[in-house]
Structures are given as structure tokens and as C-alpha cells.
Amino acid sequence: MTVHHTPTTPSPARPARGRRPGAGALYLLGFAALYLAAVRTPFGQRAENGLINENGAGPAWIYDWSGAAYGSWALPPLEDTALPTLLAGLAVLAAVTVVRRCWWRGGAAAGVVIGTLVTAEVCARVLPRPDLVDAPMMLLEPSFPSGHAAVPAALAAGAALVVSARVRPWVLAAGLLWLAVTAAAVQATYHHRPSDVLGAALLACVCHRLAVRLLPADAAQGAPAPSRWPAVAALVPAAAGALVAGARNDGLLPSLVFAAAAFGCALLVWSAVRLDRSAR
């Protein structure tokens, strides 16, 4: 009796979620669309300018920790603490890279941080903010994207590449809380607009996705997806931090908008890191 074996064609391996094409392009498209809508249209400028009044930074709940008050201590990376915070963060990433011997991932993390900050600085200098609504002089200075918000966004996205899967959700939770507080604070103290902080977060997402795509295959092997509980633990503290840091005594609606934009920053970075299932 002859046994006939039906040949089977192996199913093509699906790309790991960490290397999914198109995610970085979507974040980049979002960055461009946000700039055009919020900065280059009269509607966008009026909407954001309407959140700012003549009372200045004083009514912000976080004013005493913002560095805006004379002689006050600035919560990193606000005011002049941005560069020292950035350097300290890079040093920590380098130390983790050496300890874990994850050289490719360490290089990718450094690329995320440096790429985000350099791009944010260049964009803030070259992207114009035309006066489309006859705004007061204090509202004409270009501020898109926020360099201060870019620091915690980039460090959180970079740290997710080098820490182990076991501690990764908790490191990310701390980073997202820090990002939400920073993004809310720079809005509540009138240093930046909602589009500025969201633009910074989108840049960090673009750089993170690009770094993951450029990782060699042996450095981007799949790992189990994080459980739901750490995801909730990462976002709930960020939401609470955004509400507190974005609050002002002189208006409920602006405070809620500032908090929503700050939480949006945390959500964006979380979504970019969530696509990367390759941290081990």
C-alpha cells in the first residue's frame, strides 16, 4: 500500500510586533498634522491662545515646584534642569546597558534620546509660527515642540529598550508619570501649549519605532506581551499626575485641557512601547 503525503507549505512567519512597518510613519504623520492644525491655522491658534490669560504662571498648582517662582526649586527637567536631567538619564541608560550587556539595545536607546532631543530642538528653531490671529506679543514666540517635555518622553521610550521584561512595566509607569507631570506643568505655567507637548511625545514615538526597526534580528526577538495589570498601573498614575500638575486656580476648562494633553503624551509613548514586544 502506497501512502501519499500531502506536501505542506510552511506558513510565512509574521513579523514581530516590535518590527511592524508603518507605526513610525503614522506617528510622524501625526506630528506633521498636529503642527499644521494647531500652529498654521487661525482656528488652531485661537483655540490654544484662548487657554492663556493675563494671570500668568502664579495660579498653577505646581507653580512653587516649576522654577518660575523666584528662588524656587525646579522639578526636573523644568527650567534650567533640562540638560543635567538629560545627561543623568543617558548615564543611567549606559550603566544598564553595561550591566545587561545589551549593546545593540543600549545604542538604540541612546539614539532614541539623542534623536528626539536634537529633532525637537531643530524643529523649535526652524518651524515658523505665523501670526494669523493678531495675537499679543507674548504669544508669538515659536514653541513647537516642547524640549522640556521631550526629555522625559525620550528617556521613558529609551529605557523601555534596555531594561528587562520583568521590570519594564514599572520603569515605564514611572517614566509616564514623570512625562505627564512635566507636560502638564509646562502648560499650566504657560511655557507651552498643548500642541507643543503632544508634538514632543510624537517625536519620541517616531524615534522609538525607528530604533526598533533598525535593530538587528537577533536583538529583536519576540517576548511575551505585558499583562493588562502593568498597563493599567502605567496609565492610571500618569492620569492622576496630569490632573494635579495641570490644574490652575483660575479656570477649570484650561486645567482639564492641559491635563488631557499631558495624559495624551503618556498614552502616545505607552502605545509606541506597547508595539515593541521584544524586550527581554
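Before moving on, here are some points about what is shown:
- Charges were assigned to the Cβ only: +1 to each Lys and Arg, -1 to each Asp and Glu. The resulting dipole of the chain about its Cα centre is roughly 1580 debye.
- Taking a sphere under 12 Å around the Cβ of Trp61 and counting the other residues whose Cβ falls inside, with K and R at +1 and D and E at -1, yields a net charge of -1.
- Counting protein heavy atoms only, segment 60-276 has 71 percent of its accessible area on carbon and sulfur, 1.4 angstrom probe.
- Relative to the dominant Cα principal axis of the chain, helix 103-126 is inclined by about 30°.
- Among 234-246, 123-135, 64-76, the peptide with the highest mean count of other Cβ atoms within 10 Å heads the list, and the full ranking is 234-246, 64-76, 123-135.
- For the chain, the Stokes-Einstein estimate of translational diffusion at 20 °C and a viscosity of 1.002 mPa s comes to 110 µm²/s, using the Kirkwood hydrodynamic radius over alpha-carbon pairs.
- Fully extended contour minus Cα-Cα distance, from Ala260 to Val236, at 0.36 nm per residue: 7.4 nm
- As a calculated quantity, the FRET efficiency between Ala33 and Leu127 at R0 = 22 Å, using C-beta atoms, amounts to about 0.95.
- Debye-sum result for segment 110-181 in log10 I(q)/I(0), which assumes one identical scatterer on each alpha carbon, at q = 0.13, 0.17, 0.20 Å⁻¹: -0.50, -0.70, -0.83
- Under 14 Å from the Glu54 label point (7 Å along Cα→beta-carbon), backbone N, segment 122-152: 136-138
- Sequence-distant residues sharing a close amide H with Ala60 (under 5 Å, placed H): Asn249
- Theoretical ellipticity at 222 nm over the chain - DSSP helices of four or more residues, -39500 (n - 2.57) apiece, nearest 500: -20500 deg cm²/dmol
- Extreme residue, positive dipole direction of the chain, given options Val39, Leu132, Thr116 (C-beta unit charges): Thr116
- At a probe radius of 1.4 angstrom, the accessible area of the chain per residue rounds to 50 square angstrom.
- Seen from Arg129, the other residues with C-beta closer than 12 Å to its C-beta sum to a net charge of -1, counting Lys and Arg as +1 and Asp and Glu as -1.
- In this structure, Asp80 and Ala217 have a Cβ-Cβ separation that, at R0 = 30 Å, corresponds to a calculated FRET efficiency of about 0.10.
The values are calculated or read from the model by the stated rules, or taken from the named source; none is laboratory data. Here the structure is a predicted model, which is why all the values come from computation and not from measurement. Glycine also receives a Cβ, built like all others from the backbone with ideal geometry; neighbour counts cover every protein chain displayed. Only protein heavy atoms, including side chains, enter the accessible area calculation; ligands, DNA and RNA are left aside. Shrake-Rupley method; radii C 1.70, N 1.55, O 1.52, S 1.80 Å.
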